[in-house]
1. If we scan segment 61-68, do we find a residue that is more than 18 Å from HIS20 (Cα to Cα), assigned to a strand (DSSP E or B), touching a strand residue (DSSP E or B) at 6+ places or on another chain (Cβ under 6 Å) and at pLDDT below 95?
2. Quick check on my filter: what residues within segment 75-130 are part of a helix (DSSP H, G or I) and polar (S, T, N, Q)?
3. So, in segment 42-100, of the ones that are among the aromatic types (Phe, Trp, Tyr) and within 15 Å of ALA12 (Cβ to Cβ), which residue ends up surrounded by the fewest Cβ atoms within 10 Å (Cβ to Cβ)?
4. Could you list all residues from segment 41-53 that are modelled with pLDDT of 95 or more and among the charged types (D, E, K, R)?
5. Just to be sure, is PHE15 among the hydrophobic types (A, V, I, L, M, F, W, C), part of a strand (DSSP E or B), out of contact with any helix residue (DSSP H, G or I) (no Cβ under 8 Å at 6 or more places or on another chain) and buried (at least 16 other Cβ atoms within 10 Å of the Cβ)?
Amino acid sequence: MGTMASVIDAEAAAFLAEVHLAHLVTVGVSGAPHVAPVWYHYQDDTFEIFAGPEAVKVRNIRRDSRVALSIASEDEPYRYVLVEGIARIGESGVTQAVSAISVRYLGVERGKRFAQTLASSVLITINPRRLVTRISCEILAAEEASA
């Protein structure tokens with residue numbers, strides 16, 4: 001397992017470039033965690049996510065900017081990146097980010113059409129303060145090969 005110094009290593013960056021569903025955790029009004037599945041884009045040590053301006057996750061972040069993000073593969077050997085950080089809500093660059101993220105998950109045609117329906121979205125940017133990765137799974141793969 002790796003911990004973040006200032007940037008994510010090449011293996012983790014390659015994993016994050018793949019398309020995975022992420023789970024964003026925000027702090028609810030009562031202090032309980034609120035978990036929401038989200039699409040993301042990672043670049044330059046920043047995660048970008050879009051949401052409706054009145055979404056629970058957005059309201060939670062406006063009140064308490066501490067968040068966690070879990071990104072995991074769906075198949076064995078399981079790989080993951082866990083992020084704890086501070087989120088910011090912004091409206092600058094939203095159109096480009098929504099389009100890029102939608103195309104990433106849906107392909108060019110469907111992504112562009114979908115992005116056009118999200119004109120009122122806000123951009124959530126997360127700057128990691130702590131990061132844990134499990135990308136290399138040689139031990140599990142070696143155990144499977146000998147079984």
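The values are calculated or read from the model by the stated rules, or taken from the named source; none is laboratory data. All of these numbers come straight from a predicted model, not from anything done at the bench. We place every Cβ from the backbone using ideal geometry, glycine too, and count neighbours over all the protein chains shown.
1. Within segment 61-68, not a single residue is more than 18 Å from HIS20 (Cα to Cα), assigned to a strand (DSSP E or B), touching a strand residue (DSSP E or B) at 6+ places or on another chain (Cβ under 6 Å) and at pLDDT below 95.
2. So in segment 75-130, the residues part of a helix (DSSP H, G or I) come out as 94-106, 108-116.
Passing the criteria: THR95, GLN96, SER99, SER102, GLN116.
3. To start, the set of residues in segment 42-100 that are among the aromatic types (Phe, Trp, Tyr) comprises 42, 47, 50, 78, 80.
Pick out the ones that are also within 15 Å of ALA12 (Cβ to Cβ) and you get 42, 47, 78, 80.
Values: TYR42: 21, PHE47: 24, TYR78: 11, TYR80: 16.
Checked segment 42-100; the qualifying residue surrounded by the fewest Cβ atoms within 10 Å (Cβ to Cβ) is TYR78.
4. If the condition is that a residue be modelled with pLDDT of 95 or more and among the charged types (D, E, K, R), then GLU48 is the only one that fits.
5. Working: among the hydrophobic types (A, V, I, L, M, F, W, C): yes; part of a strand (DSSP E or B): no; out of contact with any helix residue (DSSP H, G or I) (no Cβ under 8 Å at 6 or more places or on another chain): yes; buried (at least 16 other Cβ atoms within 10 Å of the Cβ): yes.
Criteria not met by PHE15.
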